[in-house]
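Structure, as structure tokens:
Values quoted throughout were computed directly from the atomic coordinates according to the rules given, and no laboratory measurement underlies them. Computed from a prediction, not measured in an experiment: that's the story for all the values here. Cβ sites come from the backbone with ideal geometry, for glycine too, and all protein chains shown count toward neighbours.
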Amino acid sequence: MGRELLPRGLKKAIERLEFEPARPWRVGELAALCGVAPRTLQKHFHRYLDQAPLAFLRDLRLKRVRQELLCDAQGASVTEIATRFGFIHLGRFAIRYRHRYGETPSATLRRSLRTRTTSVSQLAILGSRLERPAIAVLPFDTIGVRPGYKTAFAEEVALALWHLHWLHVVAPPNARYRLHGKVREGAHGNVRVIVRLLDALTGRYLWAATWEGDVRDPAGFEERVAQGVARAVQLALRDAEIDRATRLHCGELTAWELTMRALPCVTAVNAAAEGTALELLDQAMERAPHDPLPIAMAAWCRGLRAGHHFTARPEVERAAASELAARAAKLSAGDALAETMLAAGYTLAHDLASAAIHADRALALDGGSAWAWGRSAWVKAYHGQASDALEEFQIARSLAPADQLNFLWSVGIASAYFQNGCYDESVRWFKRAQAENPASTWTNRFLAAACVLAGRTDEAQFALDTFMRHYPGLTISEVRSSLPWNASYLDRTCEGLEQVGMRP
């Protein structure tokens with residue numbers, strides 16, 4: 001059964017056990033943190049997983065120990081690894097391990113040491129994984145709260161951040177970024193939470209926000225705060241990492257820093273910026289050939305070059321986008337950002353079926369990501385599902401009102417209105433997109449068609465003239481083959497461009 005079909009309390013319990021497998025959990029404590037009664041939690045574990053909660057935890061610990069033994073990442077002993085994951089009675093652990101896997105833990109470790117190689121590519125994988133930013137969630141201070149009132153804000157926030165996968169949630173001494181929180185109880189049973197994000201290296205606060213809720217619904221309020229913090233913090237951290245990478249000397253950049261420096265170039269969606277992005281991403285892929293994020297970003301970049309006439313050989317760029325996307329898809333492992341980039345790459349490689357799969361995965365991993373919603377919307381728009389696309393583009397804009405990709409969601413909204421025959425509204429949103437990103441001159445091919453069909457001939461001619469100044473000699477046939485639009489959209493676009501005088 002897919003995890004999304006499990007009861008909410010059971011799903012939260014599994015997530016907490018996965019997040020802290022070494023913690024000496026008790027069923028009552030776990031149930032309280034998940035907002036359900038202990039008997040209900042036990043019943044759900046038996047009904048849906050055919051296991052008691054602590055049996056599930058024991059199996060999870062065994063699985064984590066085996067993963068560590070097979071990786072031998074730190075050269076630790078069997079005892080050290082078993083203890084790290086909560087096994088206290090080592091004799092019982094060894095018996096259960098052998099019963100489960102058919103060999104002793106030490107045999108697994110010896111086999112791993114014999115077969116494990118230390119090739120350059122493997123070291124690159126390890127390095128690229130560890131480069132990602134690390135964040136610590138400090139215990140929240142409580143001010144003026146009633147005796148006996150307990151909060152799980154820090155745990156809920158840490159769990160929400162852990163699900164993002166593109167950053168590491170670690171102990172404070174190992175984290176550059178730290179989250180501080182305060183909880184205040186008001187006179188009328190309301191609770192006010194203040195959360196701040198600090199760059200511990202520079203001492204600069206990067207973000208802060210407040211939430212207010214009802215003390216009578218602590219679990220629901222804590223979850224709402226956690227999701228809001230995770231959504232905002234990843235945007236703040238992404239911007240902070242881009243800024244940090246931009247300030248460094250080119251020769252000092254790691255694969256992660258090269259990727260972050262390339263990111264705003266990719267999202268600019270113009271020819272010069274995409275060229276710069278590819279140079280940076282080529283270096284990142286060379287240093288971390290098994291990291292899916294720079295590969296997926298390069299796939300999107302190649303697709304943008306093919307889809308928006310930034311190259312004289314679009315078919316070559318489109319084939320490269322497809323190859324890079326397929327390569328990244330084999331490596332992607334639960335990173336919402338990489339899945340989002342994969343959806344973008346596959347979309348512009350004209351593989352909408354694969355794009356839909358990765359867009360859905362990105363949303364499943366991070367339902368608060370504006371970029372994931374935007375990519376899902378584009379897949380629906382190209383398929384002709386205009387109303388669904390319009391709704392998802394609006395969600396993307398509302399989740400991150402100041403995001404640099406909002407112009408692209410505006411283009412999507414304009415395209416959805418075009419498909420629905422609302423041509424004046426389509427013109428309005430195309431012009432809004434151009435105001436949000438003046439370099440997006442490629443939008444004029446669709447703006448010209450929308451203006452024609454809206455009966456605004458002079459505006460259509462101006463849009464086409466602007467487009468042709470940047471893309472001289474381009475034909476309607478080349479526009480038709482550039483993006484994976486459905487036949488109805490393409491027919492109306494080409495009809496409009498023909499009426500305004502573009503060459504077939």
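Quick notes on this structure:
- Computed extension length for Ile88-Glu20: 22.9 nm, one decimal, from 0.36 nm per residue of separation with the Cα-Cα distance subtracted.
- Treating r as the C-beta distance of Ala353 and Leu54 and R0 as 51 Å, the FRET efficiency rounds to 0.75.
- Under 5 Å from the amide H of Ala209 lie the amide H atoms of Val195, each residue being 5 or more positions distant or on a separate chain, with H modelled from the backbone and absent for Pro and chain starts.
- Taking one quarter of the surface of the C-alpha convex hull of the chain gives a mean projected area of 27.1 nm².
- Applied to the range 35-51, the Karplus parametrisation 6.51 cos²θ - 1.76 cosθ + 1.60 on θ = phi - 60° returns per-residue 3J(HN,Hα) values of x, 10, 6, x, 5, 5, 5, 4, 4, 5, 4, 5, 5, 9, 10, 6, 8 Hz, with x for Gly and Pro.
- Seen through its C-alpha gyration tensor, with square-root eigenvalues sorted a ≥ b ≥ c, the range 452-491 comes out oblate because a/c lies at 1.5 or above while a/b is not bigger than b/c.
- For the range 362-425 and the range 216-272, distance of Cα centres in Å: 21
- Cα-Cα P(r), the range 130-261, percent of pairs per 10 Å interval: 12, 41, 29, 13, 5, 1
- Looking at the chain, the DSSP beta bridges with both ends there are about 70 percent antiparallel.
- Cross-link table Lys11/Lys63; Lys12/Lys330; Lys43/Lys63, entries beyond 21 Å C-alpha to C-alpha: Lys12/Lys330; Lys43/Lys63
- Helix 336-348 vs. the chain, principal-axis angle (Cα, 0 to 90°, nearest 10): 30
- Only the Cβ atoms of Lys and Arg (+1) and of Asp and Glu (-1) were treated as charged; on that basis the dipole of the chain about its Cα centre amounts to roughly 2140 debye.
- Calculated FRET efficiency, Glu436 to Glu391, Cβ-Cβ distance, R0 = 22 Å: about 0.65 to the nearest 0.05.
- Segment Arg204-Arg39, extension gain: residue separation times 0.36 nm, minus the distance between their alpha carbons: 54.8 nm
- Compared with the alpha-carbon gap, the fully stretched path from Arg8 to Glu478 is longer by 164.2 nm at 0.36 nm per residue.
- Rounded tilt (10° steps) of 271-287 against the dominant C-alpha axis of the chain: 30
- Using θ = phi - 60° in the Karplus curve 6.51 cos²θ - 1.76 cosθ + 1.60, the 3J(HN,Hα) couplings for the range 484-493 round to x, 6, 5, 4, 4, 5, 5, 4, 5, 4 Hz; x is entered for Gly and Pro.
- Anisotropy class of the range 248-366 from Cα gyration tensor, a/c 1.5 cut: oblate
- Cut-off under 5 Å, modelled amide H: who pairs with Thr142 long-range: Val183
- Sequence-distant residues sharing a close amide H with Val169 (under 5 Å, placed H): Ile135
- For the range 414-431, the Karplus equation 6.51 cos²θ - 1.76 cosθ + 1.60, evaluated at θ = phi - 60°, returns couplings of 4, 5, 5, 5, 4, 5, 7, x, 8, 6, 5, 5, 4, 4, 4, 6, 4, 5 Hz by residue, with Gly and Pro reported as x.
- Cα-centred dipole magnitude for the range 248-366, charges only on beta-carbon of K, R (+1) and D, E (-1), debye, nearest 20: 220
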